[in-house]
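The values are calculated or read from the model by the stated rules, or taken from the named source; none is laboratory data. In this text, all values refer to a predicted model and were calculated from it rather than measured experimentally. We place every Cβ from the backbone using ideal geometry, glycine too, and count neighbours over all the protein chains shown.
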């Protein structure tokens, strides 16, 4: 059985330009920035930045990745992990609170709902970036480096891979993330990914 670690992070720094990008808003007009500030003020206290992860041995050939928890067929992931003898598998979430607010405002204020969707996307990405930076600094001290993270649904890595990740990490118990029959996660602002470790 692999060791699974759980972490809580403090709030990552907020990138309003990135939030606007997710909103498909190029200009940082006062009205948009005001809406972002208003939504952030309402949602910030609800967000919980949680990650669980395991470090597994990994072997790759042209399109098969062999991990201690099973095999995955994906040419794209095999290429990403090529030359790596270990991989981090992780799940990250910012919690269910933002989903409830999005649901509320989808009826009351579609503009707020859109803004909250964008904030949620930026927040979970910022959490993933903070986690990757933490792992990078830990492994650099051992003379190792990390590959870019790679998630189920990218390229030819099937969403079905979520089942293996959830079985390995026990995400519902560790960080409160569940996997539905359609392989979508709840809370919706959650991410799973692989990170290769190379010398």
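List of remarks:
- Hits in segment 89-100 - residues which are out of contact with any strand residue (DSSP E or B) (no Cβ under 9 Å at 6 or more places or on another chain) and surrounded by fewer than 19 Cβ atoms within 10 Å (Cβ to Cβ): 97, 100
- Boolean, residue 66 is in contact with a strand residue (DSSP E or B) (Cβ under 6 Å, 6 or more places away or on another chain), farther than 27 Å from residue 14 by Cβ and without any contact (Cβ under 8 Å) to a residue 12 or more places away in the chain: yes
- Scanning segment 140-149 turns up one or more residues that are within 15 Å of residue 89 (Cα to Cα), in contact (Cβ under 8 Å) with a residue 60 or more places away in the chain and touching a strand residue (DSSP E or B) at 6+ places or on another chain (Cβ under 9 Å).
- Restricted to segment 109-199, the set of helices (runs of 4 or more DSSP H) holding at least 3 residues that are over 17 Å from the mean Cα position of the chain (by Cα) and at pLDDT 95 or above comprises 110-140.
- Hey, residue 5 closer than 29 Å to residue 89 by Cα, surrounded by 17 or more Cβ atoms within 10 Å (Cβ to Cβ), modelled with pLDDT of 95 or more and under 16 Å from the mean Cα position of the chain (by Cα) or not: no
- Looking across segment 32-52, the residues that are over 24 Å from residue 9 (Cβ atoms) and surrounded by 11 or more Cβ atoms within 10 Å (Cβ to Cβ) come down to 32, 33, 35, 38.
- Number of positions in segment 134-166 that are buried (at least 17 other Cβ atoms within 10 Å of the Cβ), out of contact with any helix residue (DSSP H, G or I) (no Cβ under 6 Å at 6 or more places or on another chain) and more than 18 Å from residue 198 (Cβ to Cβ): 6
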